[in-house]
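Values in this text are rule-based calculations from the coordinates and carry no lab data. Just so we're clear, the structure is a prediction, and the values are computed from it rather than from any experiment. Reconstructed Cβ throughout: ideal geometry from the backbone, glycine too, with neighbour counts over all protein chains shown.
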Amino acid sequence: MLLQDALTKSNKSVLITDMAELISGLSLVGFLWVHMLFVATVIIGPDIFNNVPVFLEKYLLSQIGIPMVIILILAHMVLAGRRLPNRLSDMKIVWRHSRLLNHYDTWTWLFQCVTGVAIGILAAAHIWTVVSRWDINIPISSERVVQSPYFIFYIMLLLCGEYHAGVGLYREAVKWGWIERKKVSWVLDAITICIITLGIIALFTIKGYAVISGTGGVQ
């Protein structure tokens with residue numbers, strides 16, 4: 001099947017598809033990091049956190065941004081997923097080869113595939129949760145985060161999302177020859193660790209407001 005694809009697909013079509021995958025991936029990483037910075041405003045204070053959704057609503061950024069993000073996620077899943085093994089036998093082969101090669105870039109690709117599937121499921125649940133209860137503020141967010149399943153859910157989404165973004169940027173930088181392999185790896189590892197740390201602090205801060213209020217939200 002791979003040989004057939006290699007013989008029938010033109011270099012131009014492969015390049016266009018790869019560029020579309022790159023653009024969709026970079027757009028999603030940009031959104032993810034900006035979204036994390038917005039969430040992290042809760043560390044500074046609840047008023048700033050509450051004002052962010054108000055600002056987005058005022059300029060219709062939420063109404064425009066959420067559908068665009070959904071389209072980007074779906075497009076990226078299709079573009080990046082075209083190389084994923086979709087049969088159990090192929091998955092077993094990939095796993096055996098990964099163990100045999102035991103190479104860093106092979107493992108990063110494998111775990112990026114796993115986190116990509118996980119993000120598809122977790123992001124869908126997250127978007128549904130936000131859209132079904134449109135208002136975003138400290139009382140609503142703290143009420144949700146203080147619940148154990150949701151807290152674990154957001155930790156998993158944070159770890160999967162930031163790992164996938166960091167490794168994705170690393171692989172694209174190496175693929176297109178933008179930056180030397182070791183340099184980009186150190187830089188992206190540092191950024192990923194910082195954003196994950198920021199996200200965890202923000203989650204515990206939001207949870208702390210629920211504990212202070214004693215009712216799952218700030219009164």
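Numbers for the structure displayed
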item: Inter-probe distance in nm under a simple model that places probes 7 Å from Cα toward Cβ, at residue 20 and residue 131; result: 2.2 nm
item: Structure-derived Rg and Dmax of the Cα atoms in Å - corresponding label in (1) 21.5, 79; (2) 16.4, 50; (3) 19.6, 65; result: (3)
item: For the chain: relative contact order, % (alpha-carbon pairs under 8 angstrom, 6 or more apart); result: 27 percent
item: Nearest-ten-degree value, helix 88-101 long axis tilted from longest Cα axis of the chain; result: 80 degrees
item: By average C-beta atoms within 10 angstrom, highest first, the peptides 23-29, 41-47; result: 23-29, 41-47
item: Ordering of 197-203, 79-85, 12-18 by packing [mean C-beta count within 10 Å, highest first]; result: 197-203, 79-85, 12-18
item: Helix 104-132 axis, angle to the chain major axis (alpha carbon atoms, nearest 10°); result: 40 degrees
item: Burial order of peptide ranges 103-110, 129-136 (average beta-carbon count within 10 Å, highest first); result: 103-110, 129-136
item: Per-pair calculated FRET efficiency, R0 = 41 Å: residue 66 and residue 100 via Cβ, rounded to 0.05; result: 0.45
item: Principal-axis tilt of helix 181-213 within the chain, Cα atoms, nearest 10 degrees; result: 30 degrees
item: Residues of type lysines that residue 183 reaches as a straight line, Cα spacing below 25 Å, ignoring anything fewer than 8 places off in the same chain; result: 175
